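Just below is one structure, and these are the notes that go with it.
Coordinate-derived values only; no laboratory data. As the structure is a prediction and not an experimental result, all values here were calculated from the model. No Cβ is skipped: glycine too gets one built from the backbone with ideal geometry, and neighbour counts run over all protein chains shown.
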Amino acid sequence: MRIVLGVGGGIAAYKVASLLRLFTEAGHDVTVIPTEAATRFVGVATWEALSGHPVSNSVFDAVHTVNHVRLGHEAELIVVAPATADLLARAATGQADDLLTNTLLMAGDCPVLMAPAMHTEMWQHPATEANVETLRSRGVTVLEPASGRLTGADSGPGRLPEPEAIFSAAMALAGASVATAGAPAAPSAAPAGAPAAPSAAPAAVRALTGLTVTISAGGTREPLDPVRFLGNRSSGKQGVALAAAALEAGARVRLLAAHMEVPAPAGVEVVQVETALELRKAALHAAADSDVVIMAAAVADFRPADVSGTKIKKRDDVADPVINLVRNPDILRELVEVRDAASRDQLIVGFAAETGDAGGDVLEYARDKLHRKACDLLVVNQVGQDLVFGEDTNSVVILSRDGSEPQEASGSKSDVAAAVIDRISAELSRAVPPA
């Protein structure tokens, strides 16, 4: 595969030499385009030695080959790392003042992945957030930066993801075939409770290549006042594991992230939400271009009817407050209704956290929920003390609207996620008529 590797002018550029090695050892033909600032951190000689190609950042070099047009036209994948705040801004506004930004403008249908790295304040600045949103709206995959030690004494989100994580995300985005014998060593361990970054699996097992999968994860929070909220115990671990499994299966993955205790895997597009109403808006928007929607978030069924603009005080001369609740919309059911009304070819998967009682057991309640929601698959888990929420293991039953035999899956949340993605792949395969 012909890859253009753009290198931005940040201290993290030194890590990109390892990323380049991963690409070349996997058999890919890589042309490196550093910005002028990047060469202040890592010299041209290093990039030429590791890539085996001449390296330039000027549109006036190799003019006879029309380099500033040819590189973008010929690229099958463009990866930019580190993508600095300046480089993101120039890409978002369509500037073309050097060879790299020219190449990005000439990319056409070529997949583009950008791995940001900068200080936390720069990453969280509204200007950068707007630039990232603009790029993602145009189909560019912008990874979430890692959290950790940055240049100097500070730390936080803004650290360049590890080269192995960027490599895996790039291979998943391109749907590339990577021979097992030529694949790089496994990535280092993920943070506790989080699934490891997806490996570069062979194309034969990438059952979701070319598909867009939207996944919701975590627990919504419904504000009572500026300090308090109604929430739940969801950690987001299962949703994040699903995102990693879908990414490994070759999908483009969008994660609608409510409150989560674990980071999103590198390579997914993250949309932050807090309340059920925010999740509803994000889910309906994301579903419009999704082949698969997996609603794994723990969504609050109710929200306070009134939200105080000031902190509710505990006072002896005032009666204790009474909190009136109103129902939140049924997002899963609405997604199904919108899909069916548009006759859209889309698979919708729901999650149900259930408890049994005198009125019925977990599966009885789950089957009733599947009937009401009318989604294609419903993944059911029994919740309770030390069960599911916050834990690293899970045990589920997958129910199907077509009435097929329930499927059980258990183990780590990554194991369960793999089973769910495998079942989704099987459902999609059955939906495709034979040639």
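Computed values, structure above
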{"item": "Gain on full stretching of the segment that runs from residue 322 to residue 86 - 0.36 nm per residue minus C-alpha separation", "result": "79.9 nm"}
{"item": "37 °C / 0.692 mPa s Stokes-Einstein diffusion coefficient of the chain, Kirkwood radius on C-alpha pairs, µm²/s", "result": "142 µm²/s"}
{"item": "Anisotropy class of segment 3-91 from Cα gyration tensor, a/c 1.5 cut", "result": "rounded"}
{"item": "Sorted by Cβ density within 10 Å, fewest first, the residues 393, 46", "result": "393, 46"}
{"item": "Fully extended contour minus Cα-Cα distance, from residue 333 to residue 288, at 0.36 nm per residue", "result": "14.7 nm"}
{"item": "Relative exposure of 397, 55, judged by other C-beta atoms within 10 Å (fewest first)", "result": "397, 55"}
{"item": "FRET efficiency, 1/(1 + (r/R0)^6) with R0 60 Å, evaluated for residue 355 and residue 69 via beta carbons", "result": "0.45"}
{"item": "Extension gain (nm, one decimal) between residue 401 and residue 426, 0.36 nm per residue minus Cα-Cα", "result": "7.6 nm"}
{"item": "Of 281/314; 237/369; 237/314, those spanning more than 28 Å from alpha-carbon to alpha-carbon", "result": "281/314; 237/314"}
{"item": "Order of 14, 365 under a 10 Å beta carbon neighbour criterion, fewest first", "result": "14, 365"}
{"item": "Whole-number percent relative contact order across the chain, with pairs defined as alpha carbons under 8 Å at least 6 apart", "result": "11 percent"}
{"item": "Residue 272-residue 311 pseudo-label distance in nm [points 7 Å out on the Cα-to-Cβ vector]", "result": "2.3 nm"}
{"item": "Where the Cα pairs of segment 2-182 fall when distances are cut into 10 Å bins, in %", "result": "10, 41, 38, 11, 1"}
